[in-house]
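As structure tokens, the structure follows; a few thoughts come after it.
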Protein chains: 4
Amino acid sequence: MTTQVVNKVAGDQRTTRKLVRVAVAGASGFAGQELMRLLSRHPNVTITAATGSQATSTPRRLPALAKIWDGTVVPLNAAAFAADAVFLALPEAASAELAPMLLSSGLRLIDLSGAFRLRDSASRAKWYPATTAQPEGVAYGLTEFELESIANAKLVSNPGCYPTASLLGLLPLQRAGLLKPGCDIVIDAKSGISGAGKAATERTHFSENHGSVAAYNAFGHRHTPEMEQALGQPVTFVPHLVPLDRGILSSMYARVVSGTTAAAVTAAFEGAYKDAPFVRLTGDVLPEIKHVAHTNFCDIGWKLDEATGRVFVVSVLDNLVKGASGQAIQNFNVMFGFDQKAGLL
Amino acid sequence: MTTQVVNKVAGDQRTTRKLVRVAVAGASGFAGQELMRLLSRHPNVTITAATGSQATSTPRRLPALAKIWDGTVVPLNAAAFAADAVFLALPEAASAELAPMLLSSGLRLIDLSGAFRLRDSASRAKWYPATTAQPEGVAYGLTEFELESIANAKLVSNPGCYPTASLLGLLPLQRAGLLKPGCDIVIDAKSGISGAGKAATERTHFSENHGSVAAYNAFGHRHTPEMEQALGQPVTFVPHLVPLDRGILSSMYARVVSGTTAAAVTAAFEGAYKDAPFVRLTGDVLPEIKHVAHTNFCDIGWKLDEATGRVFVVSVLDNLVKGASGQAIQNFNVMFGFDQKAGLL
Amino acid sequence: MTTQVVNKVAGDQRTTRKLVRVAVAGASGFAGQELMRLLSRHPNVTITAATGSQATSTPRRLPALAKIWDGTVVPLNAAAFAADAVFLALPEAASAELAPMLLSSGLRLIDLSGAFRLRDSASRAKWYPATTAQPEGVAYGLTEFELESIANAKLVSNPGCYPTASLLGLLPLQRAGLLKPGCDIVIDAKSGISGAGKAATERTHFSENHGSVAAYNAFGHRHTPEMEQALGQPVTFVPHLVPLDRGILSSMYARVVSGTTAAAVTAAFEGAYKDAPFVRLTGDVLPEIKHVAHTNFCDIGWKLDEATGRVFVVSVLDNLVKGASGQAIQNFNVMFGFDQKAGLL
Amino acid sequence: MTTQVVNKVAGDQRTTRKLVRVAVAGASGFAGQELMRLLSRHPNVTITAATGSQATSTPRRLPALAKIWDGTVVPLNAAAFAADAVFLALPEAASAELAPMLLSSGLRLIDLSGAFRLRDSASRAKWYPATTAQPEGVAYGLTEFELESIANAKLVSNPGCYPTASLLGLLPLQRAGLLKPGCDIVIDAKSGISGAGKAATERTHFSENHGSVAAYNAFGHRHTPEMEQALGQPVTFVPHLVPLDRGILSSMYARVVSGTTAAAVTAAFEGAYKDAPFVRLTGDVLPEIKHVAHTNFCDIGWKLDEATGRVFVVSVLDNLVKGASGQAIQNFNVMFGFDQKAGLL
């Protein structure tokens, strides 16, 4: 990390700021481009390399980022990283292969794939078979709950989009001891189509999704073990595709322990997030995706039926920002000692 | 009901068919217009009157139905019904007031409001306070499960859109004794915006819903007691608005009794719907709204996790057709002895 | 064409009707499935064969048509057509190859591709290079303007979706001599994404189109020469993709001859369509796609600025119905002497 | 304008920057909220007051801006402006009434309404009848073409959304003398529904617009005289509503003078925007709304048919940013000597 005098805006402003050299592997996907957009205006970042998928090694521009970031992208195999930190926005197998090598060069990594999310090796072998080993110094990057381990980590494994939304909604109740043991937790999540990735498939065709909703991977999505690991108990999770581009709404159904009051539920949420700049609590005004699209916020609302002990929690975020690239930068900020909000407002 | 020779299409076709004189009260709302569209091509229907909301008593046309139905609509208070059957596509209070009068004139009614859905008077007083009495001869119009009572009814109370989708998904399991007693049933439903009605409100503004999803009325929607009445047990129900116009997808989470096999679940669905022309079973290929939009079909799929006994059922329909006007016509067909499919394919 | 007693609906209805044996080549594409949906309820059609694209010759069902048409689809090379008429919903090259063979067997054809739309051989060689010859007995299937030639045709070449919308908007003015010679005609058309076809490409990805609009093929779309052929003059045509599934709105800008009154424009439209069951004139209440989606209607509105002689015409239709399969059936009806509306309302 | 030491981000960063005190009148509409969102992160702005429409004088928060701007909004009649500059995001009549008073207090204004856009008093009387006088020192705020007059203005009249998109597309050709005199210019614009405002009307109902497109105000939109004023010639302008929230695509059809080459057209655009940070030229890769949504960019592409001299230009922008609030801030930056990009990247 270098400290230098920067004069970004001509004229009146003179700023002394720390600059971290950052490389991005996988800059041309949905999450990768969002990462580039955000990093390019981060006051403490200088982008030193970016790789993308392409046929030849000829450097190419990203047209969507014209006049935002006018650098060029090269293939991963042509890249040399003169960097302090590397963001990996790659498929699991590529991350699994690349990370150990980069770590051994002393780089600090933020990995957006699922390669290093599961600690249990049997579970990892089942859901992420390309990941054969877990390096030292890995932190799970759910920023609001892992500040200290992230600050000290060599590799931060950025959570999945569904777990980010769902765990931010459930962990405050669970940590406060309010969730009734032995009762089912149902998580019914709705995601925009960008969550299905940039590949052109029948599933991502416009006409398949316009005017429609579809459940998929019922009981079989690999974000399930990630949520179960964090909660320490099984969950029933079914994701759905809804006809919008960006955003997740996670609806969570659980039971609270006998005698739990609405005030206790509110206190659990307020306590968990009193210092969190990107979580906004909306109480019984249930949050909607449009309030968080294109931001790093996660908005959370809830409703308790005191008579029956049923609790309903809703959590919303932008899957490409707080559910991927935004949270990755938030974790980067924690790793390098910057304000969590740097580059994200 | 009159029998007469009709020669609808000039030329080759000569048909002898029964014709029922039908009136529609509330023809200008979303469900009402869909009703007019469907009834106008029903081979056994002649529309003798239609009422709509309007400022003056001057008859007016419905532009969206030009060259489909070119009759005129008059205000309810200007209408005289020379009819055998009347469809009421009115708000609860209007139905509650009008129905007894029409019944006493010997007309048979299909009511699309919630006025007469709840049998328990205390529950009705809470959820439908304008309805002070339940007439004789009321059937609950969930066609697939109430054929006989509908055939004999004076008034068929058409189910709500959410209950239609959800009950068609759950009743086969419940009637087969496969639902585990004492376990929560969670119903997470997603509806297009036409379900919020034709009134221009902040809630129905395009910009509020485009690119967004919103949960609403958590634990407090009046379709909940309707579902609980049919199932005989409590349910946790939360509806959501999704950014599309027509359609509902209902996601249902339950537990089956110990030892239930996937084959038993399949048998329950196949047994329940073996003669149902408008239910299509998709098994573990989960159904999507686009397959049923603009049709009277309800498509149902499911997934059983045999190891844990959790079952997930998905049901989809068009809220304005199978969830309202289409099912109303299906019920009309049963009441008057026509094929269930008449006018609906 | 066979005449026989049919008893389609059990019970009361007994109908004597003519039945035409119909085959569909290309039943699994967007237009093909719409064709199957419509033909399956056509009172004078019996579907004797359907082909679709698939890897093996094993017959397969079309799930979207369950309980609507439960036949099976076979590959084109496995099909034998025991039919009186064949609908070709194929790419240009396949139609160009197949049509002469089928014609020589005495079948009558309705071709939905562009293979036989252009009469001028030089133009056809440029825009439809796979079509090396024009058979005898071809009619251009713009139903409202070509009734007689369609009735007598061996092959009806169904118009493109954009030309259908645009020509129905412009021909009444042109035939009435109201268009000012030598002045530009600008056609700015907006189409839903189903118009881009069923192939999964970057262009048809949901995220490329949601919240966006894109012009494409400016000055270079092959529907341009088709419109110029019908109008007998050049046009400036640019199509756009808009974020919806089905529908086209064509905006047309022209100049009328000096002294043209609004009444003359209205008379031109009313005269052209006084017997047309599927054209609805909306005058200065400009029509919108939602009024025609899922129907065979084309709605047309217009505005004349008498002071300057500028005229603006708007035409809307469903690209898969009136812009493809519906018009194809309308043409079939004319060819076989049925009411134009048979199977289409 | 005050100069002070600001230490916005705790810790490492120390900045000396000028701060301008800014008030916003009309902070609760679509454009107003976007203005607040952008101004709240502008490095040279301190928001000293904000007004909104509300029933009582009780200050209220804007929930959509939680943790972005947590100030309170008061009614206009309760506001006192301790400010150097005021943004007016009000209806025409309110701006017309308020502006003279504020100007006489020495405040500099950026007005987002149409009140002061038309210089010709007869035209203004027709299209903006509530505006009875034009103050001194008004500049037309099309930033890229009016830098000097904006820098010196007391009141900048921010252009309409359609004129911004269309004029940025046409003025380079017109100023380079490439547009053929006496030929029609057709402007066919497509706008998202936020352009129709926040009021809940039948026009803005979700179900009216989903899956639909509609032309409106043909020949009669008040942005027409604004474009004609800037171009010095008549245009044919028809706006359309397309089913998306934010964004405009303007399609422009014109003729170039004889002999104009593609290179000359390109040179005209490149010359006009060589120093413009928010205009991106895409040449014959036509631009799409999704590339500019939520940004202050205007992307422009074009296609020339050299043989016929027809030119097609496409321009896209976000109607709430470059078409309203973003351009207003860009103008503010020019007025107060900041970098055009301040607060906008």
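Structure notes:
- In the context of the full set of protein chains, region D:35-131 has a per residue accessible area of 43 Å² (1.4 Å probe).
- Rounded to the nearest 0.05, the FRET efficiency derived from the C-beta distance between D:Met101 and C:Arg175 at R0 = 60 Å is 0.50.
- Highest-first packing order for the peptide set B:203-211, A:95-103 is B:203-211, A:95-103, based on the mean count of other beta carbon atoms within 10 Å.
- Remark: mean inter-chain Cβ contacts per residue of A:246-258 equal 3, using a 10 Å Cβ-Cβ cutoff to other protein chain atoms.
- Taking the inverse of the mean 1/r over every pair of distinct Cα atoms in chain A gives a Kirkwood hydrodynamic radius of 20.8 Å.
- Ranking B:Asn296, B:Ser105, B:Leu231 by Cα position along the charge dipole of chain B, where only Lys, Arg, Asp and Glu carry charges on their C-beta atoms, puts B:Ser105 farthest toward the positive end.
- Cα pair count fraction exceeding 18 Å, expressed as % - region A:113-177: 42
- Along each principal axis, Cα extent of region B:182-260, largest first, Å: 48, 22, 18
- Nm distances between copies for D:Leu76, ranked from closest, using label points 7 Å along Cα→Cβ: 4.0, 5.7, 6.5
- Cβ-derived FRET efficiency at R0 41 Å, B:Arg203 paired with D:Asn217, nearest 0.05: 0.95
- Fraction of C-alpha pairs exceeding 26 angstrom in region C:47-165: 25 percent, rounded to a whole number.
- Mean projected area of the convex hull spanned by the Cα atoms of region A:180-321, taken over all viewing directions: 9.4 nm².
- Projected-area mean, region B:115-222, by convex hull of Cα positions, square nanometres: 9.2
- Straight-distance crosslink candidates among lysines, where the alpha carbon sits under 24 Å from D:Lys126 and sequence neighbours closer than 8 are dropped: C:Lys303
- Accessible surface buried by the C/D pair amounts to about 3100 Å², both sides summed, 1.4 Å probe.
- Projecting 7 Å from Cα along the Cα-to-Cβ direction, the label point of B:Gly283 sits 5.1, 5.4, 5.7 nm from its equivalents in the other copies, listed shortest first.
- Residue by residue along C:281-294, Cβ atoms of other protein chains within 10 Å of the local Cβ number 4 on average.
- Exercise: per-residue mean of other protein chain Cβ atoms within 10 Å, C:177-185: 1
- D_trans [Stokes-Einstein, Kirkwood Rh over alpha-carbon pairs] for the protein assembly as shown, 25 °C, 0.890 mPa s, µm² s⁻¹: 73
- Applying 1/(1 + (r/R0)^6) with r as the Cβ-Cβ distance of C:Asp284 and C:Ala307 and R0 = 25 angstrom yields a FRET efficiency of 0.95.
- P(r) weight above 13 Å for region D:64-123, C-alpha pairs, percent: 69
- Label positions at C:Arg41 and C:Ala130, each projected 7 Å from the Cα along the C-beta direction, are separated by 3.2 nm.
- Pairs from D:Lys18/D:Lys341; B:Lys18/C:Lys341; A:Lys154/A:Lys190 whose Cα-Cα separation, in the structure shown, is over 25 Å: A:Lys154/A:Lys190
- Contact order, relative form, for chain C: 16 percent (alpha carbon pairs under 8 Å, 6 or more residues apart, mean separation divided by residue count).
- Calculated [222 nm] ellipticity per residue, helices only, for chain B: -7000 deg cm²/dmol; basis is -39500 (n - 2.57) per DSSP H run with n ≥ 4, divided by all residues, nearest 500.
- What separates the D:Gly271 label point from its copies, with the point 7 Å along Cα to Cβ, is 5.0, 7.1, 8.4 nm, written shortest first.
The values are calculated or read from the model by the stated rules, or taken from the named source; none is laboratory data. Note that the coordinates shown come from a computational prediction; the quantities given were computed from them, not determined experimentally. Here Cβ is always computed from backbone atoms with ideal geometry, including for glycine, and neighbour counts include all displayed protein chains. All accessible areas refer to the heavy atoms of the entire protein, side chains included, with ligands and DNA or RNA removed. Shrake-Rupley method; radii C 1.70, N 1.55, O 1.52, S 1.80 Å.
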